[in-house]
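What follows is a short report on a single structure.
Every number in this text was worked out from the coordinates using simple rules, so none of it is lab data. Just so it is clear, the structure is predicted and the values come from calculations on it, not from any experiment. Counting neighbours? That spans all protein chains shown, and the Cβs are built from the backbone with ideal geometry, glycine included.
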Amino acid sequence: MRILLAIVLMAGMGCSLFQPAFTPTLNQKMEGKASYVIDGDTFYFSFDHGKFKATLANLNAPNIQDKGGRESFEFLRSLIHQKTVNIEYLGMDPEGRWMVNASLSTGENIQDQVRANLAPLTK
């Protein structure tokens, strides 16, 4: 019963297992790991303040169930999964994901890589 009460209280307070209480400032740069790729433009970013859902800014990759979605997911996964990435926080989208610019530890821009290979630019 106490566990259920704790879960209900956490849900009521807006707590999430993946969204840390930490909120970056606009254009803040952070280094972490792409711990899990969700689709062709969204992944979980893990770093010393927690784990949060990030989406690559200025991209609109197809949903995983749509035409080209699986290929887009596989490409991003091969590019960043479990690798060190650097992000620049640009704000939050309407779905609560952090909008980011991202690059690999080598300096390669992730959006440029995805855009060149799979994802159409959002217009």
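Sum up the charges of everything whose Cβ sits under 14 Å from the Cβ of Arg70, counting Lys and Arg as +1 and Asp and Glu as -1, but leave Arg70 out.
Summing Lys/Arg as +1 and Asp/Glu as -1 gives -3.
Need one number for region 17-117: average projected area of the convex hull over its C-alpha atoms, nm².
6.1 nm²
Long-range amide H contacts for Val85: which residues qualify at under 5 Å (H placed 1.01 Å from N, peptide plane, sequence gap of 5 or more or a different chain)?
Hits under the 5 Å cutoff: Gly32, Lys33, Ala34.
Which percentage, to the nearest 5, of the DSSP beta bridges contained in region 17-117 is antiparallel?
Of all bridge pairs located within region 17-117, approximately 90 percent are antiparallel.
Would you list, by chain and number, the lysines whose Cα falls below 19 Å from the Cα of Lys83, excluding same-chain residues fewer than 8 positions away?
Lys83 reaches Lys29, Lys33, Lys51, Lys53.
Using each residue's phi in region 26-42, evaluate 6.51 cos²θ - 1.76 cosθ + 1.60 at θ = phi - 60° and report the 3J(HN,Hα) Karplus result to the nearest Hz, with x for Gly and Pro.
The phi angles translate into 4, 6, 5, 9, 9, 10, x, 10, 7, 7, 7, 9, 8, 7, x, 9, 9 Hz.
Under a crude label model (7 Å from the Cα following the beta-carbon direction), how far is Tyr44 from Lys83 in nanometres?
The modelled label-to-label distance comes out at 2.0 nm.
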